[in-house]
Amino acid sequence: MNKNKKYRTVNILGIEVAALRMDGVLDMCNECIARKYPLLIGVVNAAKLVNCQKDAELLKSLEEADIVLADGQPVVWLSKMMGNPLPERVAGVDLMDKLLERASERQCGVYFLGARPDVVQKVVEVVRRRYPGVRIAGFRDGYFSTEEDKAVAEDIRASSADIIFVAMTSPRKENFLRQWRKVMNVPVCHGVGGSFDVMAGVTKRAPAWMQKTGMEWFYRVMQEPGRMWKRYLVTNSIFIGLSVGAVIRARLGKRYGAAISQTGSKTD
C-alpha cells in the first residue's frame, strides 16, 4: 500500500508520519478492505518516538508500516514548529472507534487480540452492544509467548477477519504485526495499545481539554502514579531535548536552502 501512497509525510525524529486527517485514513481503510489490500497502521506519540531512538526492532516495525499516524498532540505541535505541519492528531483509540462504526455499517469481521482475558471479553460484549453490525471474527487475550505467535497468527487467518485490533504493549504489538501480517492476511491491522482497557472501563480516558492540550500523559500519571511518573518524566524530558534539536535543524536547513536558492538566482 505504501508503494503507491498519495499523501504527504512529515519526518518526525526519523519517522515518516502521514499528513492525513481522520476521514482520509478511514477512506484508505475502506478501500483496503474492499480490495483486500494489506494496510499495516502504526501510531506514534512522544514516548514511542523516544523509544525508537534506542530500539532498533521498534524502529524497523514502524518503518515497515504502510502508514504511521500522529497519535499524540505533541507530535503535531513539533511538526508545526519544524515548519511542516501535520493537519491534525489521529489518535489510535479514536480510529478504532471510527473503524468499528464503519465495520458495523458494512458487517465487516473484526478480530480482537490483547489485554487480559476478562478485559478482551468485556470489549467484545461492548462491541456487540454498541456496534451490532460488526461480525466478531474472533478474540483472545495478549498473554502468549513468542513461541505461540505462529499459532495465534494462523488462528487469525482462519477467522477471515477484515480488521484486527492488537492491544498489547509497545514494542510487542508493533513487532508482532510486522512479523506475522502476511500469515494473518487481514486487510487492516491496527495496534491500539491500552484502548481495550478504556473500552472495557478498566481505565478512563483523559477529558477532551487534556487531549487537546497534550496533557493525557498527566492524566495517566494521576491514575497510576507509582508506575507511570518516572516513565513520563524521563521520556518527556528526552522528547523535549530531541524536539529542540529537530526544530533548530529544520529552521537552519530552510535558511540554508533559501540562501542557496537566492545565490543561484543571482548567478543565472
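No lab work stands behind these numbers, since they all come straight from the coordinates. In this text the structure is predicted, and so the values were computed from the model without any measurement. FYI the Cβ positions are ideal-geometry reconstructions off the backbone, even for glycines, and counts take in every protein chain you see.
Structure above, values below:
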read-out: Cα-derived Rg to Rh of the chain, Kirkwood definition; value: 1.00
read-out: Over 32 Å between alpha carbons, listed pairs Lys6/Lys212; Lys6/Lys80; Lys173/Lys212; Lys80/Lys182; Lys36/Lys80; value: Lys80/Lys182; Lys36/Lys80
read-out: Relative contact order of the range 168-220, pairs being alpha-carbon contacts under 8 Å that are 6 or more residues apart, as %; value: 29 percent
read-out: Fraction of beta bridges assigned by DSSP in the chain that are antiparallel (%, nearest 5); value: 15 percent
read-out: Relative contact order (%) - the chain, alpha-carbon pairs under 8 angstrom, separation at least six; value: 21 percent
read-out: Helix 172-184 vs. the chain, principal-axis angle (Cα, 0 to 90°, nearest 10); value: 70 degrees
read-out: Relative contact order computed over the range 68-195 (Cα-Cα under 8 Å; 6+ residues apart), in percent; value: 24 percent
read-out: Tensor-based shape of the range 1-133 (alpha-carbon gyration tensor, a/c under 1.5 rounded, otherwise prolate or oblate); value: prolate
read-out: Nitroxide proxy distance, nm - points 7 Å out along Cα→Cβ at Asp97 and Lys80; value: 2.2 nm
read-out: Trypsin sites (Lys or Arg not before Pro) lying in DSSP loop within the range 127-235, provided at most 15 other Cβ fall within 10 Å; value: Lys204
read-out: Helix axis angle, 117-130 relative to the chain longest principal axis, alpha carbon, degrees; value: 90 degrees
read-out: Amide H contacts of Glu16 (H built 1.01 Å from N, under 5 Å, at least 5 apart or other chain); value: none
read-out: In degrees, nearest ten, helix 22-35 long axis to first principal axis of the chain (Cα); value: 50 degrees
read-out: Debye intensity ratio in log₁₀ form over the Cα atoms of the range 124-216, taken at each q of 0.12, 0.17, 0.21, 0.22 Å⁻¹; value: -0.45, -0.83, -1.13, -1.19
